[in-house]
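Just so you know, all these numbers are worked out from the coordinates, no wet-lab data involved. Just so you know, these numbers come straight off a predicted model, no measurement behind them. Every residue, glycine as well, gets a Cβ built from its backbone with ideal geometry; the counts of neighbours run over all protein chains shown.
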4 protein chains.
Amino acid sequence: MGNSYGSLFRITTFGESHGRAIGVIIDGCPAGLAIDEAFIQRELDRRKPGQSKITTQRKEADAAQILSGVFEGKSTGMPIALMIENEDQRSKDYNHLEHAFRPSHADYTYQAKYGLRDHRGGGRSSARETAARVAAGAIAKLFLQQMGVTVQAYVSQVGDLKAPPYPELDLSQTENNIVRCPDPATAQQMIALIDQVRLERDTIGGSVTCVVRHAPVGLGEPVFDKLHAELGKAMLSINAVKGFEYGSGFAGIALRGSQHNDEFYTEGGQIKTKTNHSGGIQGGISNGEDIYFTVAFKPVATIMQDQSSVDKDGNEVTVSGKGRHDPCVVPRAVPIVEAMAALVLADFVLRARGARVW
Amino acid sequence: MGNSYGSLFRITTFGESHGRAIGVIIDGCPAGLAIDEAFIQRELDRRKPGQSKITTQRKEADAAQILSGVFEGKSTGMPIALMIENEDQRSKDYNHLEHAFRPSHADYTYQAKYGLRDHRGGGRSSARETAARVAAGAIAKLFLQQMGVTVQAYVSQVGDLKAPPYPELDLSQTENNIVRCPDPATAQQMIALIDQVRLERDTIGGSVTCVVRHAPVGLGEPVFDKLHAELGKAMLSINAVKGFEYGSGFAGIALRGSQHNDEFYTEGGQIKTKTNHSGGIQGGISNGEDIYFTVAFKPVATIMQDQSSVDKDGNEVTVSGKGRHDPCVVPRAVPIVEAMAALVLADFVLRARGARVW
Amino acid sequence: MGNSYGSLFRITTFGESHGRAIGVIIDGCPAGLAIDEAFIQRELDRRKPGQSKITTQRKEADAAQILSGVFEGKSTGMPIALMIENEDQRSKDYNHLEHAFRPSHADYTYQAKYGLRDHRGGGRSSARETAARVAAGAIAKLFLQQMGVTVQAYVSQVGDLKAPPYPELDLSQTENNIVRCPDPATAQQMIALIDQVRLERDTIGGSVTCVVRHAPVGLGEPVFDKLHAELGKAMLSINAVKGFEYGSGFAGIALRGSQHNDEFYTEGGQIKTKTNHSGGIQGGISNGEDIYFTVAFKPVATIMQDQSSVDKDGNEVTVSGKGRHDPCVVPRAVPIVEAMAALVLADFVLRARGARVW
Amino acid sequence: MGNSYGSLFRITTFGESHGRAIGVIIDGCPAGLAIDEAFIQRELDRRKPGQSKITTQRKEADAAQILSGVFEGKSTGMPIALMIENEDQRSKDYNHLEHAFRPSHADYTYQAKYGLRDHRGGGRSSARETAARVAAGAIAKLFLQQMGVTVQAYVSQVGDLKAPPYPELDLSQTENNIVRCPDPATAQQMIALIDQVRLERDTIGGSVTCVVRHAPVGLGEPVFDKLHAELGKAMLSINAVKGFEYGSGFAGIALRGSQHNDEFYTEGGQIKTKTNHSGGIQGGISNGEDIYFTVAFKPVATIMQDQSSVDKDGNEVTVSGKGRHDPCVVPRAVPIVEAMAALVLADFVLRARGARVW
């Protein structure tokens, strides 16, 4: 259990890193949406391995095939199944790990919970599963686009290097460099840092910030399914994520109410707030301002260094990284964060349709 | 929608701040659990208003009545309904707010989403709803206790004042002071700060850290319902929460993989980790180490100062705090964080029963 | 688990026959609905015991109290909690049954599943729980009424006595007699039969037919949540129900396709069918014709005669009915069937709002 | 929405009759189950078209491919995705129906609900979707088999021809004839009747009865998710089903309580009932006796005769059946009924694990 997300715009993913295929069923995509397959593929290309020198050098085409739910270019209201066949699997890179538990991976917990596991490439716990999310998220984005909602993420931190706050950035620059930081100067430093870490056979953490613009007022359901609570869960479900904050976030702890409150005013007949410490969400419901949040990613667990560990019988072993891995996950995480955000928003757009009697 | 939480140990809450009653139905509590009503009440007393000089001076007995699901002192497997009647409501304190939108409250978003709202005391958006969570959480705690699992939260930060990291603290001291910080020196500073803020007719933020000990290995469901993802959602659903992190959290961004990885070793036949940056969770599943996480709370939105705002017709108005409010939410948030954590864990204990064929 | 019904217009019931109270939370009722409390009470009065000589002579006021979710006479979009306090409980009527398993009751299965049970009056398995459904169903009816949808049930069979098919009946006559059969001649026979059965200290089965008129086209979700599949589940969840059929039902088995098919034609610009063997549902989705279905109820299990049984230790015992019970359940089942039908329809009205992109 | 079934052993199906593939994801199959692929295929072969002279002459291999969730022959606890590629599609058989609404099909309701539809072969509303259910049901059967539970269905009626009651039948004979009726004499009559109907270019209805043996006591969740309520929904979700009854069913209406009640006795230390009008279910929970129920199927809607209808613009048209269709659906429905029953039972086996504290 646990492989579905969303209530009305609902995805269910399947597949392991080195199995036959991964994929997703989207149930609840409304009928009549133009499904742009090239757009889905472009989103997958933003996530795929081997796209630059600072990502893993594995090569996978990650070509999405639509199996159902689309007829003559439009969604029919029926479940949309998408499949991505696995290709460049070097399962033998993992043979030495059949019984060993890699530190800070899911090997031990899967073995302990299920009594057996597909150890090849991490199996189901591999971040490869997120390709299915990106494909589904692309369809959620298409749904949001026709309402004018945009979802844009970028790398806001790598190690100690931080980008300026988002209102100072031009988010249209995000895709112009390989680390996906819209501030060119910070981007160059980040790339250099990741490259250095890679040469040291190590890895490093980072963060991704996401900005949603033009979301309608009224998304989010009190009291448990608050908009930011679902965004938080969605983000924390992404591999390697350790934290989530929205609006003022952890920095808000140190503020006074008189500093933090967002006063209302009216502009052009529309109610707006003068500041936006609320991150576009009040009482769990979007208020029409920019929604923004930041997601913390730990350093990738697979390092090209010897580490001490145990095997499933508890014997001490040395684990040394093989295979091809990312030194830092955040450049490829940007489209994943966007995808999950888009899925959360699409779900709440549909849920909001039930708010009033009409 | 959105008033239920959990899948197998599932709660549904109801009630508004100034309505007749608030309450909760727990569906899925296994049969045969001894229901200690005095314990439920003690948990409610930790949350209730008026308990010290640094909380709101409202007085409510918050007496929980069990309406169903318990027979001869034990749970029967049937839904347990708990009700708390509302008492000390001064609805007239809110009359001046019937049409005004208080800054950084849910007034505007509720009005915009639903077209009408119960403005008295914040209605459903009031933190009063969390009393129902605490009552339900007490039952989840009773369920966890008989497995030996403990859930302990404490105030880890108020404004800029931070307690030492949890391994250096004696959590049994938490309830010994009114701010619920187990470090006595920090506690005194925190109390002084909150008192000063109160005199300034202002409010301040804080954080609560929670530690779960002796949780069994295997809680959490890949890939979306990861243990930390559900904990994150549960915490973010609490009023005034702006952020969540577990294990190394946001500080993990700046670390290298070689620093961050938790190496395995065997002790007394049990597999353990030398460090615990993972926060007791790997691949979304508990690994038997301490589970710990921190929750960021913003400063309370209601301040005793004039603020500029608008009413529902968009006219400019001045809103001035009346009524009796908390200058800082975290001392009373401690039992709420524990309650939500206990509910999440109880749910995953039941879900884990389906992991294997047997 | 299992105490909730519906996905968007969702109810969760609680309470035992001889506990403190029974009740229901409705989560998902859209905001802005006028809540007519007198109507809710009238619906409850149609179900309540003691209403005529052919029902149980227990007396309960069954007064519903609204605890939340309604403000100034309108639904607010927040959960509506309704409570009915239990009154005329003669728990001692059940003392002799503390350890005995009444034939064809839930005593044995509850004991076996949960290891303990509230034996007083059947506890949770008592049909008393359906009062909560009727209260919730009344609100669903109010929601449907403002769309012009009507839900009308009646007694179509008692023992071997059958009413004519519904198109030959005037359903406005249903409430004019105590058995709730709109055909006066059949009604008199049914009343006489039930009275005779009662004097024989026995019970008898019956059926209820329900007709939904003016439902919009498009209710029902393929492929599992077909409209008739949910109606079937909802009806089969009512105590004592043994069967469900819609449209041609079991009689359709013997027909040829050429007899059974409902040909389309156009009338006044609207597409209609010449016959309605489909029962207003095609492919699981309403087609605008009358929706009709029939529900079979077994004879009440409690009879005023000695029966052979066992106690929880397997010892042979004789069980003799005490207390006050219905000789035939169908007259009081009419509002329950309507309530569940209304809840199913209200849920699908909300779900249908997600069908198209707009 | 509506393409998932089950809560803990949960399936989500996808695919249209003439699309690229159909399939299913099973989420919640416990880890460690031996997955017998040949058995899955045998179950699919029992459902597939072209298997005898009384079924449609379409030919499809219906070969299931496992895409995920199985490693070294065992389930891993991860989602199991199964895909069946579509082959023998003669979409041009349906070109004349692009705009016409076939009587008693889903054409009109899908068009009206979604605003567009995949008209080829009925699209998603085609019974082809049930192949995915049979594949998933085969895995549920494997899960039940290792607990000793058997699920056996057979054709109990075609037109007016009825098989004797199930206790008089030898269910091991079911697969010995092409109509799947275990009574050889009735089977021959049924085959002759179907053949005659086929020659008349017409269709006919039938019923399938299913018997579950050796189910443990305690399956089913009060009060809405009663075992028979879920069985009813599952059966009613199958194409062409018009009714469901269990135990005494509709015949129970005419009985007295003194005839209908199942008295308890003890045999070999086990509590049993002398009769089984309850159909193995009391209070919605299995009691250890045989569970049995009957499902009514209408005559197939596609007949090889001219019928009057309208197109989507409301114009009158004549629809004449083309393509290759079943004259009677029940012989191929037998494995579908078994599959859905197995899925319901597997789900309740997992849910029952949460009943007690332990």
Farthest positive-ward along chain C dipole, Cα basis, beta-carbon charges - from C:Asn276, C:Ser286, C:Ala352: C:Ala352
For the range A:255-270, 3J(HN,Hα) per residue [Karplus equation, 6.51 cos²θ - 1.76 cosθ + 1.60, θ = phi - 60°, Hz, x = Gly/Pro]: 8, 8, x, 5, 8, 8, 4, 9, 6, 8, 8, 10, 9, x, x, 10
Other copies of C:Glu200: label-to-label distances in nm, shortest first, labels 7 Å along the beta-carbon direction: 4.0, 8.5, 9.1
Alpha-carbon gyration tensor eigenvalues x 5, square-rooted, for the range C:4-352, Å: 34, 25, 19
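To the nearest 500 deg cm²/dmol, what mean residue ellipticity at 222 nm is calculated for chain A from DSSP H runs of n ≥ 4 alone, each contributing -39,500 (n - 2.57), summed and divided by the residues?
Numbers: 7 runs with 88 residues, N = 358.
Calculated from helices alone, the mean residue ellipticity at 222 nm is -7500 deg cm²/dmol.
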Distant-in-sequence amide H partners of A:Gln282 (H built 1.01 Å from N, under 5 Å): A:Asn287
Ellipsoid equivalent to the protein assembly as shown - semi-axes via the Cα gyration tensor, in Å: 50, 38, 31
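Give me the Kirkwood hydrodynamic radius of the range B:193-280 in Å, from all C-alpha pairs, to one decimal place? Provide the component values of the computation, followed by the final result.
Details: mean 1/r = 0.0619 Å⁻¹.
By the Kirkwood definition, the hydrodynamic radius is 16.1 Å.
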For A:Gln270, inter-copy label distances in nm, listed shortest first [label point 7 Å out on the Cα-Cβ vector]: 4.0, 5.7, 7.0
Protection-proxy order for peptides D:150-163, C:238-251, each taking the mean of Cβ atoms within 10 Å per residue, highest first: C:238-251, D:150-163
For the range C:1-76 versus the range A:131-179, the gap between their alpha-carbon centres in whole angstrom: 48 Å
Shortest-first nm distances, D:Pro165 label point to equivalent points in other copies (7 Å, Cα→Cβ): 3.0, 7.3, 7.9
Charge tally in the Cβ shell below 12 Å around B:Ala251, where Lys, Arg are +1 and Asp, Glu are -1, B:Ala251 excluded: 0
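Provide the gained length on full extension for the span B:Glu98 to B:Arg213, in nm with one decimal, where the gain is 0.36 nm per separating residue minus the Cα-Cα distance. Display every interim value, and only then the final one.
Working: separation 115, 0.36 × 115 = 41.40 nm, distance 4.60 nm.
Between B:Glu98 and B:Arg213, full extension yields an extra 36.8 nm.
Averaged over peptide B:4-14, how many Cβ atoms belonging to another chain are found within 10 Å of each residue's Cβ?
Numbers: counts 9, 4, 1, 5, 8, 2, 4, 2, 11, 7, 15.
Mean number of neighbouring Cβ atoms from other chains: 6.
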Around A:Gly220: net Lys/Arg minus Asp/Glu count, Cβ-Cβ under 9 Å: 0
Distance from the range B:293-358 to the range D:288-312 (C-alpha centre basis), Å: 53 Å
Virtual spin-label span in nm between D:Lys272 and C:Gln57, 7 Å along Cα→Cβ: 4.1 nm
Label-to-label distance, nm, for residues given as C:Ala34 and B:Tyr265 (7 Å Cα→Cβ offset): 7.5 nm
Residues whose placed amide H lies under 5 Å from that of C:His18, excluding near-sequence neighbours: C:Gly123
Calculated FRET value between B:Val317 and D:Ser172, using beta carbons and R₀ = 51 Å, to 0.05: 0.05
Hz values of 3J(HN,Hα) by residue in the range D:2-13 - Karplus curve (6.51, -1.76, 1.60), Gly and Pro given as x: x, 9, 10, 9, x, 10, 10, 9, 10, 10, 10, 9
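Summing +1 for each Lys or Arg and -1 for each Asp or Glu, what net charge is found among the other residues whose Cβ lies under 12 Å from the Cβ of B:Ser309?
Values: positive: A:Lys272, A:Lys274, B:Arg102, B:Lys312; negative: A:Asp262, A:Glu263, B:Asp107, B:Asp306, B:Asp311, B:Glu316.
Net local charge, B:Ser309 excluded: -2.
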Helical segments meeting 20 Å axial Cα length and Kyte-Doolittle 0.0 threshold in chain A (DSSP H): A:130-145, A:184-199, A:330-352
Cross-link reach list, lysines versus A:Lys53, counting only Cα pairs under 18 Å and skipping chain neighbours closer than eight places: A:Lys322
Cα centroid of the range B:216-266 to Cα centroid of the range D:106-126, whole Å: 45 Å
Long pairs among B:Lys74/C:Lys59; B:Lys113/D:Lys113; A:Lys298/B:Lys226; C:Lys48/D:Lys233; D:Lys141/D:Lys274; D:Lys141/D:Lys298, criterion Cα-Cα beyond 20 Å: B:Lys74/C:Lys59; B:Lys113/D:Lys113; C:Lys48/D:Lys233; D:Lys141/D:Lys274; D:Lys141/D:Lys298
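For A:Lys53, C:Lys233, what's the fewest-to-most ordering of other Cβ within 10 Å of each Cβ?
Numbers: A:Lys53 12, C:Lys233 27.
Starting with the residue having the fewest Cβ neighbours, the order is A:Lys53, C:Lys233.
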Under 5 Å, built H, 5+ apart or other chain: amide partners of A:Arg356: C:Ala31
Chain D residue with Cβ closest to the axis mapping D onto A, distance in whole Å: D:Thr12, 3
